[in-house]
Amino acid sequence: MTHELLDASAVMRVLAHRYPVLLVDRIQIVEPGKRVEGLKRVTGAESLGYSWGESRANMPNMLAVEALAQTSAALLLGLAGPTEGVVGYFAAIERVRLRTPAVAGDTLLLSVQLRSFRRGVAHLDGLASVVGRRVVSARFTAIVRGASQVR
């Protein structure tokens, strides 16, 4: 089993996202082309302000879904040929389950598994959790295109 760790600077080489839109701090490739895990330390800067009656800042669950999509980029590396100039598109999301949000101080574990990859279309399962509880689970689709296929 291969374990490759992408630190913050390596994650920024894989993704075009930067602060404040970059929602992954570190990615560990557990099984290349099959499964990856990412980490996001929730700081409270991700919150859109305190919700009415909330005592702590929380990360909106849809941002956890976006963090799963960003984590999947490391999984899709190399599946569509050379990685130079490859572009991924978040195409669809289904079976989304939003549970208790992550709060400031939590470390969000982002786990993404490839279900299938055919003709540049990847079907993935994602789970975002903190110790002892699920935050978000979802199935999503990403489209991967090489540099020659992007206009």
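The values are calculated or read from the model by the stated rules, or taken from the named source; none is laboratory data. The structure displayed is predicted, hence computed values, not measured ones. Heads up, the Cβs are rebuilt from the backbone with ideal geometry, glycines too, and the neighbour counts pull from every protein chain shown.
Select from segment 31-46 the residues that are touching a Ser or Thr at 6+ places or on another chain (Cβ under 8 Å) and outside any strand (DSSP E or B) and write down the one among them that is surrounded by the fewest Cβ atoms within 10 Å (Cβ to Cβ).
Ranking the candidates gives Pro32 first.
For the subset of segment 6-30 comprising residues that are within 11 Å of Val112 (Cα to Cα) and at pLDDT below 85, which member is surrounded by the fewest Cβ atoms within 10 Å (Cβ to Cβ)?
The qualifying residue surrounded by the fewest Cβ atoms within 10 Å (Cβ to Cβ) is Val30.
What are the residue pairs meeting all of these: first residue in segment 129-143, first residue under 17 Å from Val103 (Cα atoms), second residue among the polar types (S, T, N, Q) and not in a strand (DSSP E or B), Cβ atoms under 9 Å, and 6 or more apart or on different chains?
Val130/Thr100; Arg133/Thr100; Arg134/Thr100; Val135/Asn61; Val135/Thr100; Val136/Asn61
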